[in-house]
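A.B. asks: My questions will all concern the structure given below.
The values are calculated or read from the model by the stated rules, or taken from the named source; none is laboratory data. Just so it is clear, the structure is predicted and the values come from calculations on it, not from any experiment. Reconstructed Cβ throughout: ideal geometry from the backbone, glycine too, with neighbour counts over all protein chains shown.
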């Protein structure tokens, strides 16, 4: 039986202005639906995806539903780069995804190096 490879999805882009953030979350959900649940890391401008937003004014759909679906698909821990939050003035206490545990990382490079496959969105 082949060994299952560990997968990390790195969400590094802001949620709006392009489709990569939405497509990344959809890819994570698709992997999880196929019993290949990846770990997820939010870093750089990807941390903005975690904030509750109202993108209706710019004609975009809110990504909140996709984020809230992650725990239902087995993604129970969201790893977040602490420095990315600090650099953007985001208080970690303002991040809440029902059913998900938030884990702040001091050294995301070491964390990323643990995985066999890394997907970047």
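A.B. asks: Could you list all residues from segment 39-51 that are surrounded by fewer than 20 Cβ atoms within 10 Å (Cβ to Cβ) and either on the phi > 0 side of the Ramachandran plot or without any contact (Cβ under 8 Å) to a residue 40 or more places away in the chain (or both)?
C.D. replies: Listed by number, the list holds a single entry, 44.
A.B. asks: So which of 46, 17, 24 ends up being touching a helix residue (DSSP H, G or I) at 6+ places or on another chain (Cβ under 9 Å) and in a loop (DSSP other than H, G, I, E, B)?
C.D. replies: The match here is 17.
To keep it simple, each residue is scored yes or no on (1) more than 13 Å from the chain's Cα centre (by Cα); (2) farther than 18 Å from residue 18 by Cα.
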site	(1), (2)
63	no, no
81	no, yes
90	yes, yes
93	yes, yes
101	no, yes
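A.B. asks: Looking at residue 36, is it assigned to a helix (DSSP H, G or I) and in contact (Cβ under 8 Å) with a residue 12 or more places away in the chain?
C.D. replies: no
A.B. asks: Follow-up. Just give me the residues in segment 70-99 being part of a strand (DSSP E or B) and within 18 Å of residue 15 (Cα to Cα), in sequence order.
C.D. replies: The answer is 78, 79, 80, 81.
A.B. asks: Only one residue in 17, 109, 59 is within 18 Å of residue 121 (Cα to Cα), surrounded by fewer than 13 Cβ atoms within 10 Å (Cβ to Cβ) and modelled with pLDDT under 95. Which one?
C.D. replies: Answer to the selection: 17.
A.B. asks: Being within 22 Å of residue 108 (Cβ to Cβ), in contact (Cβ under 8 Å) with a residue 12 or more places away in the chain and part of a helix (DSSP H, G or I) is the requirement here; does residue 67 meet it?
C.D. replies: yes
A.B. asks: Could we say that residue 78 is within 19 Å of residue 102 (Cα to Cα), buried (at least 16 other Cβ atoms within 10 Å of the Cβ) and touching a residue at least 12 places away in the same chain (Cβ under 8 Å) here?
C.D. replies: yes
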